[in-house]
Amino acid sequence: MIHIGVSCGFHDAGMSVINDSGEILFAGHSERYTKQKHDKNLTADIARDALDYIPAHEEQQLYYYERPWLKAYREFVSGQWSRGLKSPLSSKEIIGHDFLSALRYPGRIKNQPHHKCHAAAGFQTSPYDEATVVVIDAIGEVDCATIWHAYYDKKGNAKYKRLWSMKYPNSIGLFYSAMTHRIGLRPLDEEYILMGMAAYGKPKYTEELEKYFGATDDNLTFKVNAHAGIDEDFLKDADEFDIAASTQR
């Protein structure tokens with residue numbers, strides 16, 4: 001069995017081809033083909049390259065990193081459908097006909113939970129046989145942070161049990177992205193710059209952030225949905241490096 005994993009439709013599309021032994025036969029990133037930074041779409045070229053690593057006549061299974069129907073449900077209940085259906089419900093529609101045609105994949109696509117994929121990326125590339133995995137994300141369907149018990153069974157298969165989750169809109173990742181935007185950087189891209197800027201500022205505004213967002217060390221419930229953005233006048237005259245340091249704190 002050949003396992004084909006794809007991630008696309010949001011940002012940084014890519015794919016991998018893995019055999020039953022867990023050996024990575026191929027891995028590719030769309031932006032390296034299109035030269036478009038953070039390209040969210042899979043291209044026919046990446047599929048054609050992957051075919052060189054898929055043995056002929058070997059059974060294949062394609063996996064998509066998210067459950068589109070659950071993401072659409074979250075968008076509906078959060079009011080993001082004000083102008084109709086926001087996200088496609090079909091994985092095939094998201095992945096795209098050109099890619100699937102070039103890959104010559106006619107079979108069924110299996111959807112995997114977004115945060116489980118993050119947990120697997122951490123655990124199955126680690127040296128551990130058993131671990132507690134913490135995933136802190138912006139949004140993954142409905143989950144924004146999760147904790148997993150990960151282990152290998154007697155047959156060597158990785159197993160995951162979700163122990164805890166924090167649901168949308170309570171999101172550490174969305175808070176971080178909102179503050180990235182507040183200091184004039186691109187969210188979902190330049191958060192690493194905010195992290196670097198924090199080293200050059202002072203955390204003067206930690207109390208203001210806690211008061212505005214509502215979340216503290218003891219209570220991760222946010223009273224502001226950072227996904228919808230924050231007031232443009234929030235910390236209007238503050239130094240951006242100090243905002244970064246306060247955010248990081």
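The values are calculated or read from the model by the stated rules, or taken from the named source; none is laboratory data. Just so it is clear, the structure is predicted and the values come from calculations on it, not from any experiment. FYI the Cβ positions are ideal-geometry reconstructions off the backbone, even for glycines, and counts take in every protein chain you see. SASA here: full protein model, heavy atoms, side chains in, ligands and nucleic acids out. Shrake-Rupley method; radii C 1.70, N 1.55, O 1.52, S 1.80 Å.
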### Task
Could you order TYR152, TYR200 by accessible surface area, starting with the largest, using a probe radius of 1.4 Å?
TYR200, TYR152
### Query
Name the residues of the stretch 1-20 whose amide N is less than 16 Å from a point 7 angstrom out from the Cα of GLU93 along the C-beta direction?
9-10
### Task
Beyond 23 Å, what share of the Cα-Cα pairs of the stretch 153-249 is found? Please give it as a whole percent.
30
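Between ASP233 and ASP45, what FRET efficiency comes out of the Förster formula 1/(1 + (r/R0)^6) with R0 = 35 Å and r the beta carbon distance, rounded to 0.05? If you can, show how the numbers build up before the last one.
On the way: r = 46 Å, r/R0 = 1.32.
Step by step, r from the Cβ atoms, then E = 0.15.
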### Task
Please grab the % of Cα pairs in the stretch 1-107 that end up more than 16 Å from each other.
60
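If you average 1/r over every pair of different alpha-carbon atoms in the chain and take one over that average, what Kirkwood value in Å do you get?
Details: mean 1/r = 0.0497 Å⁻¹.
In the chain this quantity evaluates to 20.1 Å.
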#### Entry: Residue order for GLU23, GLU75, GLU191 - accessible surface, 1.4 angstrom probe, largest first
GLU23, GLU191, GLU75
### Query
Going down the table (LYS202/LYS236; LYS71/LYS211; LYS37/LYS204; LYS167/LYS204; LYS110/LYS161; LYS167/LYS236), which pairs top 23 Å between alpha carbons?
LYS71/LYS211; LYS37/LYS204; LYS167/LYS204; LYS167/LYS236
### Query
So which residue, out of GLY122, GLY214, GLY156, gets the largest mean-square fluctuation from a GNM of the chain using Cα contacts under 10 Å as springs?
GLY156
### Antiparallel bridges, percent of DSSP beta bridges restricted to the chain (to nearest 5)
75
## Note on the structure
For THR125, the accessible surface traced by a 1.4 Å probe with all protein chains present amounts, in square angstrom to the nearest 10, to 110
### Summary
ALA121 and GLU240 label points (each 7 Å along its Cα→Cβ direction) are spaced in nm at 2.7
